[in-house]
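Peer 1: Mind having a look at this structure? Questions to follow.
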Amino acid sequence: MARPMGSVRLKKANPVTLAIGAALCLFILYFLLGPATSDFSASRKATAASHPLSPPTSPFRKSTGGKLAAPPVAHYNLNNVTTTPTPLENSENVLLLTPMARFYPEYWDNIMRLDYPHELITLGFILPKTREGNDAMRELQKRIAKTQQQGPEKDRFKSIIILREDIDPPLVSQDEKERHKMKNQKVRRSAMAKARNSLLFSTLGPSTSWVLWLDADVVETPPTIIQDLAQHDQGVLAPNCYQRFWNEETKAMDERPYDFNNWQDSPIALELAQKMSPDDILVEGYSEMATYRTLMAYMAQEDGRLHEEMPLDGVGGAALLVKADVHRDGAMFPAFAFYNLIETEGFAKMSKRLGWQPFGLPNYKVYHYNE
Amino acid sequence: MLPFVSPEPQVTPRHPVGGYSNGYPRGKTFDILPHRYQPRGTIPTTRRRTQSLLRIGAVAAILFLILLYTLLREPSSPSSTTTSTSSTLSLFSLGLLSSSGSADFQLETVRYHDLSSVQGTARGWEREERILICVPLRDAEAHLSMFFSHLHNLTYPHHLLDLAFLVSDSKDNTLGLLTESLEALQAHEQESMHYGEISIIEKDFGQVVNQDVESRHGFAAQAGRRKLMARARNWLLSAALRPYHSWVYWRDVDVETAPFTILEDLMRHNKDIIVPNVWRPLPEWLGGEQPYDLNSWQESDTALTLADTLDEDAVIVEGYAEYATYRPHLAYLRDPYGDPDVEMELDGVGGVSILAKAKVFRYGVHFPAFSFEKHAETEGFGKMARRMDLSVIGLPHYTIWHAYEPSVDDIKHMEQMKREQLAQEQAEREKAERAMKIKESFSDAAGQWEKDKVGMQNIAQEDQKQKAPAGDPVEAVSGDNAAVSQSKGAAQPAGGKVEEKVVA
């Protein structure tokens, strides 16, 4: 058929139209494929659990709304879960546990900076069921959603578990002064110990190699803290917890020791404990009860070797790297007086009873939030 | 923008300036375009549209191919190729086929659990409370089938039961048989028979103590053995306890008889830790039954005094003369006709069957693998729970039965008994055989007697009828005599047999 005005029809096919069409196609394609491509990479999917009833340390398949099949028979060979000084090379899973009463954005920013592969890190949080806890929860969830859903995949953590405590809050106030009053210590730390144990034993699971305890108010750690601490190959290892502050005298930022729960025992402390009833606890950092223990907080040296180790008899929970095997053997945070010690200090004692000597790194520092 | 080539459209001037299409020039008049009439074109609009659509389609196809290419290249591992292909496949199927078991799924990385909603109540089955059943195993192949029949019969809703097994240092086919049985369970045609999460955990502790009864229960081996058992239990629990569990039930694989409703029965008491009484059946010659689990007890002053004299790492074990504790044991307080709901406070518990609230373990109570107040494993567990003011209860009249495994002495004795029994059976069989032979070789006298009697009567009748000569009755009498002598002969060997029996 003749087309006397063949060129006429071409006037519609101008490049702009085509470009718009192409853009539209891309747009549609993006939305069709979108959910799949913006989701996790295949390597992560390969390690995911197929059923929601599974260890919380791994992500699981979202239900498609249909009826779920019976959960599979899952095999876990714990002989193959290694805990070595080179966790990175062996792709060892780390469980980062944080009991959280308040949410500090600096805390989240700090763990986001950890350069251990995030796809090997599982985060576990436990929050009290109080108004404060609810507030922290809201903040935390905001950050989690931002990271896990919108963030780049390398920032996303393997999985995240949020627990709410079933323990009645022992104290109304988390105010620093009230919190640190000596007579409140046993009740407070007993509740804290229960919270820690609840968090630990609900989340540990069969694939964890290391457990890193990091308090919610620890706002600065070296980004390589996991690798640095793991290289010591110790069952329980505590870095030194300091606090940065504005020094009025020198008119400059300065740092001071913060966590006094990392210590070596003294004969005086042992004698004190001997005289106490088995239900009483000996706590550190109070003038009413001078223990003359060797405190790691004061052992840091300006020119000291970063990786210098010292054996400890009591540890604090601010930052603590523990081999999962230690916890699996049964080392937990006693919520009762265990050799007149409680919570993290009792934990150190229990680890020792199980044959794991705790160590500390006086010159390796992490920093506590300044209230 | 992605590169694509489009032909430069050759646009001819559409609106010639300066005149109407009819050719008449106009002066300074207002121009309305178009000035010229143009036919709508010879190509129908539909085709024109198709062509432009085709063009857009072609571009889209190219773009799509590019996208597909990048998608396929992106994953690095070979296994992942399937994932992304399937995600592009879902594009074609518009997601309708995605549920067909392919690897197309999304991940959920965040879990939220409120621990105050899994506290455990007296009527857990109504509130859908999940129970974790923990079973430590070692060379337990022989008991597995029995255990699975128990599991099958449990009346607690199966989908609320999560099973966790620890297989350690096993030399037999425990693992293989276990896997097979569990997979069969989950593939059961009845959906109500499916269980919840099932984990098989392997961990070898390098146990040196043998698992046979003698070395297992020897006194010297106890402390080390109990500490190792404790470690195994802790490893199992820490790997299997989840935030959604309300209860944890510890069960030994070698329980022979237990009520199907045991979970509900124990749960009804709503205690933090609760144990039934554990006995075992015995052969008749050993008394028929015996208390088995002596680890459930109340503390006594004697034991506390004893504990003070021992060194830090010593472990007191029950049921051995070396440590006389004089404790009241749950096992000995059993009354077979007693009320099964009667409770008794305990300080140490045995591990055959423990129902505990999950919060007990969450708060940190575990099986000490060290000497905790001079106790380890389940007894230390009871002690630690008491230390944390949790309730530890035993039911003296609610009994389950542990399988009977004979000790070495028992086995010797049983072999002896077996030999005796065999000898006796042999003797009886011989006796029966002999009786049979006798019966066959000597015909029964009674039948002959009857026959003769009938014969005699007939003869007598004939005699009466015919009044025959005197010779005939003699004949009949002689026949009678023969029968008598015959019956005597039968009695003779019988007497000999009695004698023989006495000799045997």
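Peer 1: Given the conditions (1) at pLDDT below 90; (2) open to solvent by less than 60 Å² (accessible area, probe 1.4 Å), report the number of the one that B:Asp444 does not fulfil.
Peer 2: (2)
Peer 1: Condition first: over 19 Å from A:Asp215 (Cα atoms), out of contact with any Lys or Arg (no Cβ under 7 Å at 6 or more places or on another chain) and in contact (Cβ under 8 Å) with a residue 40 or more places away in the chain. Now tell me which residues in segment A:332-371 satisfy that.
Peer 2: Scanning segment A:332-371 gives A:Ala337, A:Asn340, A:Ser351, A:Trp356, A:Gln357.
Peer 1: Restricting the search to segment A:46-81, which residues are within 23 Å of the chain's Cα centre (by Cα), facing chain B (nearest Cβ under 7 Å) and farther than 19 Å from B:His245 by Cα?
Peer 2: Scanning segment A:46-81 gives A:Ala48, A:Leu78.
Peer 1: Moving on to the next point. If I ask for residues that are among the basic types (Lys, Arg) and within 10 Å of another protein chain (Cβ to nearest Cβ), which ones from segment B:365-385 would you list?
Peer 2: Answer for segment B:365-385, where residues must be among the basic types (Lys, Arg) and within 10 Å of another protein chain (Cβ to nearest Cβ): there is none.
Peer 1: Something else: Residues of segment A:256-276 being open to solvent by less than 40 Å² (accessible area, probe 1.4 Å) and of a type in the set (S, T, N, Q), which ones?
Peer 2: Answer for segment A:256-276, where residues must be open to solvent by less than 40 Å² (accessible area, probe 1.4 Å) and of a type in the set (S, T, N, Q): A:Asn261, A:Asn262, A:Ser266.
Peer 1: When segment A:184-199 is examined, which residues are found to be touching a helix residue (DSSP H, G or I) at 6+ places or on another chain (Cβ under 6 Å), at the interface with chain B (Cβ under 9 Å from one of its Cβ atoms) and within 15 Å of A:Met100 (Cβ to Cβ)?
Peer 2: Residue satisfying the conditions is A:Ser198 alone.
Peer 1: Taking interchain pairs and intrachain pairs at least six residues apart, which have beta carbon atoms under 6 angstrom, with the first residue in segment B:321-340 and in a loop (DSSP other than H, G, I, E, B) and the second aliphatic (A, V, I, L, M)?
Peer 2: B:Tyr323/B:Ile316; B:Thr325/B:Ala303; B:Arg327/B:Ala303
Peer 1: Of (1) more than 14 Å from chain A (Cβ to nearest Cβ); (2) buried (at least 24 other Cβ atoms within 10 Å of the Cβ), B:Pro328 satisfies all except one. Which?
Peer 2: Looking at each condition in turn, B:Pro328 falls short on (2).
Peer 1: Within segment A:76-105, which residues are in a strand (DSSP E or B) and surrounded by fewer than 16 Cβ atoms within 10 Å (Cβ to Cβ)?
Peer 2: Residue satisfying the conditions is A:Asn77 alone.
Peer 1: Right, something else. For A:Arg179, work out the one condition from (1) surrounded by 13 or more Cβ atoms within 10 Å (Cβ to Cβ); (2) at pLDDT 65 or above it doesn't fulfil.
Peer 2: (2)
Peer 1: Within segment A:342-363, can one find any residue that is closer than 25 Å to A:Arg256 by Cα and among the acidic types (Asp, Glu)?
Peer 2: yes
Listed here are the residues, each with its yes/no results for (1) within 22 Å of B:Val360 (Cα to Cα); (2) over 28 Å from the mean Cα position of the chain (by Cα); (3) not small (Gly, Ala, Ser).
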position: B:Gly380; (1), (2), (3): yes, no, no
position: B:Ile393; (1), (2), (3): yes, no, yes
position: B:Glu405; (1), (2), (3): no, no, yes
position: B:Ile411; (1), (2), (3): no, yes, yes
position: B:Glu428; (1), (2), (3): no, yes, yes
position: B:Lys431; (1), (2), (3): no, yes, yes
position: B:Gln448; (1), (2), (3): no, yes, yes
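Peer 1: What number of residues in segment A:277-293 are assigned to a loop (DSSP other than H, G, I, E, B) and either surrounded by 15 or more Cβ atoms within 10 Å (Cβ to Cβ) or not hydroxyl-bearing (Ser, Thr, Tyr) (or both)?
Peer 2: So the answer is 11.
Peer 1: Cβ-Cβ distance below 6 Å, separation of 6 or more or different chains: which pairs start in segment B:413-440 with a residue that is more than 16 Å from B:Trp285 (Cβ to Cβ) and end on one that is of a type in the set (A, V, I, L, M)?
Peer 2: B:Ala427/B:Ala504
Peer 1: Looking only at segment B:267-278, decide whether some residue is part of a helix (DSSP H, G or I), at pLDDT 90 or above and among the aliphatic types (A, V, I, L, M).
Peer 2: Within segment B:267-278 (the criterion being part of a helix (DSSP H, G or I), at pLDDT 90 or above and among the aliphatic types (A, V, I, L, M)), the answer is yes, since at least one residue qualifies.
Peer 1: May I pose another question? Within segment A:313-334, count every residue that is in a loop (DSSP other than H, G, I, E, B), open to solvent by less than 10 Å² (accessible area, probe 1.4 Å) and either of a type in the set (A, V, I, L, M, F, W, C) or more than 10 Å from every other protein chain (Cβ to nearest Cβ) (or both).
Peer 2: 7
Peer 1: Which is of a type outside the set (Lys, Arg) and either at pLDDT 70 or above or open to solvent by less than 40 Å² (accessible area, probe 1.4 Å) (or both), of A:Leu32, A:Leu24?
Peer 2: The match here is A:Leu24.
Peer 1: All but one of (1) outside any strand (DSSP E or B); (2) away from chain A (no Cβ under 14 Å); (3) open to solvent by 40 Å² or more (accessible area, probe 1.4 Å) hold for B:Asp410, so report the exception by its number.
Peer 2: Here B:Asp410 clears every test but (3).
Peer 1: Which residue, of A:Met296, A:Met253, A:Met310, is surrounded by fewer than 13 Cβ atoms within 10 Å (Cβ to Cβ) and aliphatic (A, V, I, L, M)?
Peer 2: Exactly one residue qualifies, and that residue is A:Met253.
Peer 1: Another one. So, of the residues in segment B:350-364 that are in a helix (DSSP H, G or I), in contact with a helix residue (DSSP H, G or I) (Cβ under 7 Å, 6 or more places away or on another chain) and within 9 Å of chain A (Cβ to nearest Cβ), which turns out to be nearest to B:Val278 (Cα to Cα)?
Peer 2: Ranking the candidates gives B:Phe361 first.
Peer 1: Further, regarding this structure: Among the residues of segment B:226-266, count how many are within 24 Å of B:Leu166 (Cβ to Cβ), outside any strand (DSSP E or B) and of a type in the set (Val, Ile, Thr).
Peer 2: Going through segment B:226-266 one residue at a time, the tally reaches 2.
Peer 1: Can you tell me which residue is least open to solvent (accessible area, probe 1.4 Å) among those in segment A:110-119 that are free of Cβ contacts under 8 Å to residues at least 60 places away in the same chain and assigned to a helix (DSSP H, G or I)?
Peer 2: Within segment A:110-119, the match that is least open to solvent (accessible area, probe 1.4 Å) is A:His118.
Peer 1: Take B:Leu177 and tell me if it is within 13 Å of the chain's Cα centre (by Cα), of a type outside the set (Ser, Thr, Tyr), farther than 12 Å from A:Pro72 by Cα and open to solvent by 30 Å² or more (accessible area, probe 1.4 Å).
Peer 2: Taking the combined requirement at face value, the residue satisfies it.
Peer 1: Considering only residues that are out of contact with any strand residue (DSSP E or B) (no Cβ under 8 Å at 6 or more places or on another chain) and not charged (D, E, K, R), look in segment A:348-371 and name the one that is most open to solvent (accessible area, probe 1.4 Å).
Peer 2: Within segment A:348-371, the match that is most open to solvent (accessible area, probe 1.4 Å) is A:Gly355.
The values are calculated or read from the model by the stated rules, or taken from the named source; none is laboratory data. Small disclaimer: the values here were computed from a predicted structure and weren't measured. Glycine also receives a Cβ, built like all others from the backbone with ideal geometry; neighbour counts cover every protein chain displayed. Only protein heavy atoms, including side chains, enter the accessible area calculation; ligands, DNA and RNA are left aside. Shrake-Rupley method; radii C 1.70, N 1.55, O 1.52, S 1.80 Å.
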